[in-house]
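A quick write-up on the structure given underneath.
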C-alpha cells in the first residue's frame, strides 16, 4: 500500500510544479518579454537512478524532467531564415551603394567626362586650326581615361572587400 502512496506523492509533486509553471504563464500573459514555459513530466521506470530519490522502496511514479521554454520550432526556423535573409540584404545593399558611388560619383563621372569630351570635339570640329580647342579635347580625353582608372580601382577595391 505504501507504494501506491509513493506513486501518488510523486504525481502530486510533479503536477504541483506543473501548476506553478502554469500560474507563472498566466501571471505573465501581458508581458512581452516573457516566454511561455511548460513542465515536461515523464514516468519513472525501474532501474533509473531517480527511483531512489522518491522513496527508499523501489517504486514507480512520475517526475518533472525540467521546465522548458515553449516555442514553435517551425516559426523559430522561419524567424532565423528571415533574420539571415535580412542580414544578407543589408550587406548586399551596402555593396550596391558603394558600387553606385564608384560608378556615379557626385562629380566627375565617366558619362560626364564623355559628354565634356564630345563637346570639346565639337568645338575642334568647328575650328580645326584652334590649338587651344585641340588641347582642350586632349585634356578631356585624359580626364575620361582618369575616370576609367578611378572606376576600375574602385571596383577592384570593392571586389577585394566583398571577396
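The values are calculated or read from the model by the stated rules, or taken from the named source; none is laboratory data. It should be emphasised that the depicted structure is a prediction, and the values quoted were computed from it without experimental measurement. Cβ: placed from backbone, ideal geometry, glycine included. Neighbour counts: every protein chain shown.
Taken over region 89-111, residues that are farther than 23 Å from residue 163 by Cα, in contact (Cβ under 8 Å) with a residue 24 or more places away in the chain and in a helix (DSSP H, G or I) amount to 1. Considering every residue within region 26-45, establish whether at least one is at pLDDT 90 or above and in a helix (DSSP H, G or I). Within region 26-45, one or more residues are at pLDDT 90 or above and in a helix (DSSP H, G or I). Evaluate region 79-88: report whether one residue or more is under 30 Å from residue 21 (Cα atoms) and free of Cβ contacts under 8 Å to residues at least 24 places away in the same chain. Yes, some residue in region 79-88 is under 30 Å from residue 21 (Cα atoms) and free of Cβ contacts under 8 Å to residues at least 24 places away in the same chain.
Conditions tested, residue by residue: (1) surrounded by fewer than 12 Cβ atoms within 10 Å (Cβ to Cβ); (2) modelled with pLDDT under 90; (3) out of contact with any strand residue (DSSP E or B) (no Cβ under 6 Å at 6 or more places or on another chain); (4) farther than 30 Å from residue 5 by Cβ.
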| residue | (1), (2), (3), (4) |
| --- | --- |
| 47 | yes, yes, yes, no |
| 94 | no, no, yes, yes |
| 126 | yes, no, yes, yes |
| 140 | no, no, yes, yes |
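For residue 77, the conditions (1) at pLDDT 85 or above; (2) surrounded by 13 or more Cβ atoms within 10 Å (Cβ to Cβ) all hold with the exception of (2).
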